[in-house]
Amino acid sequence: QVQLVESGGGLVQPGGSLRLSCAASGRDLSINGMGWFRQAPGKQRELVASITTGSRTNYADSLKGRFTISGDNAKNTVYLQMNSLKPEDTAVYYCSADVRENGGLTVRAYWGQGTQVTVSS
């Protein structure tokens, strides 16, 4: 059905930057929006940022100013630019997509496998 592939994670020093990418693929995709979540060790999964196909964005309050989400509707791709990274940003970052199905009668959330981001000296 729908596949989400994330890339761009890795090890970075505090203060550094990373750019995550997530591409959704599938037949006749109809996506309302995409987003990024993260899960740090010992913590619950939390919203990082989301974006609709109309380019409306939503961010976790604590991340505003450092993280920027953007998307390419034609490519069904979402990006997360992460700047001024801190050790507490270390987490597995998951991409999600809200996909309309059944002729638009339902919406289902799909998830990528996650990509590890580690911020450490």
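How many residues are within 22 Å of residue 11 (Cα to Cα) and not aromatic (Phe, Trp, Tyr) if we restrict to the range 71-95?
15
Considering only strands (runs of 3 or more DSSP E) fully contained in the range 1-98, which possess at least 3 residues that are free of Cβ contacts under 8 Å to residues at least 60 places away in the same chain, surrounded by 19 or more Cβ atoms within 10 Å (Cβ to Cβ) and touching a strand residue (DSSP E or B) at 6+ places or on another chain (Cβ under 7 Å)?
46-52, 67-72
Output the residues belonging to the range 99-121 that are open to solvent by 70 Å² or more (accessible area, probe 1.4 Å) and farther than 30 Å from residue 14 by Cα.
100, 102, 103, 105, 107, 108
The values are calculated or read from the model by the stated rules, or taken from the named source; none is laboratory data. Please read all numbers here as calculations on a predicted model, not as lab measurements. As a convention, Cβ positions derive from the backbone with ideal geometry for all residues, glycine included, and neighbour counts pool all protein chains shown. Quick note on the areas: whole protein, heavy atoms, side chains included, nothing else; ligands and nucleic acids left out. Shrake-Rupley method; radii C 1.70, N 1.55, O 1.52, S 1.80 Å.
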